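The values are calculated or read from the model by the stated rules, or taken from the named source; none is laboratory data. Owing to the predicted nature of the structure, the values given are computational and were not obtained by experimental measurement. Reconstructed Cβ throughout: ideal geometry from the backbone, glycine too, with neighbour counts over all protein chains shown. Ligands, DNA and RNA are stripped out before the accessible areas are found, and what is left, the full protein with its side chains, is counted by its heavy atoms. Shrake-Rupley method; radii C 1.70, N 1.55, O 1.52, S 1.80 Å.
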Amino acid sequence: MDDNISQTLKNLEKHGFQAMYVETREDAKKAIMDMTDGVKTVGVAGTSTVRDTGVVDALKETGLETLDHRAVSDLGESMRIRKRQITADLCLT
């Protein structure tokens, strides 16, 4: 891991984020799925990076309440989901 990545991880953690670096999409998906023990709700922000791993579909298949504002077309419902995403047991950004 290069110095920029290492420093970015340290800065995120310093500001209260849990951060990690993984090499592949599959590693990212596995790491995220490993975080779901004891979790009831997962918020999925608009990030394409998380979505590209395929983890959103995997989370939905587990039966966890997956708060995904992109899964609805109604603007009001999308806003309600977005508000719940940030207070979910696990929020992916």
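Quick rundown of the values:
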read-out	value
Sparse-neighbourhood loop sites, trypsin sites (Lys or Arg not before Pro) in the stretch 23-86 - DSSP loop, at most 16 other Cβ within 10 angstrom	LYS40
Computed E for VAL72/ARG25 - FRET, C-beta separation, R0 30 angstrom, nearest 0.05	0.75
Lys, Arg +1 and Asp, Glu -1 on Cβ, resulting dipole of the stretch 27-66 about Cα centre, debye, nearest 20	80
With every protein chain in place, the chain: carbon and sulfur % of accessible area (1.4 Å)	49
Estimated inter-spin distance, LYS10 and ARG82, nm [label 7 Å along Cα→Cβ]	3.5
Accessible area in the full protein assembly, largest first, 1.4 Å probe, for SER78, SER6	SER6, SER78
Accessible surface, per residue, of the chain when the full set of protein chains is kept, probe 1.4 Å, Å²	69
The chain: most fluctuating residue of ASP27, ASP52, ASP74 per GNM, C-alpha cutoff 10 Å	ASP74
Cβ-Cβ FRET estimate between ARG51 and ASP3, R0 fixed at 41 Å, reported to 0.05	0.90
Gain in span if fully extended, VAL39 to ALA58, counting 0.36 nm per residue against the direct Cα distance	5.4 nm
Cα long-axis angle, helix 3-14 against the chain (0 to 90 degrees, to the nearest 10)	50
For the chain, calculated [θ]222 nm from helices alone, where every DSSP H run of n ≥ 4 adds -39500 (n - 2.57)	-13500 deg cm²/dmol
Options VAL72, VAL50, HIS15, ranked by Cα towards positive dipole end of the chain, top entry (Cβ charges)	VAL72
Normalised contact order of the chain, rounded percent, pairs of Cα under 8 Å and 6 or more residues apart	31
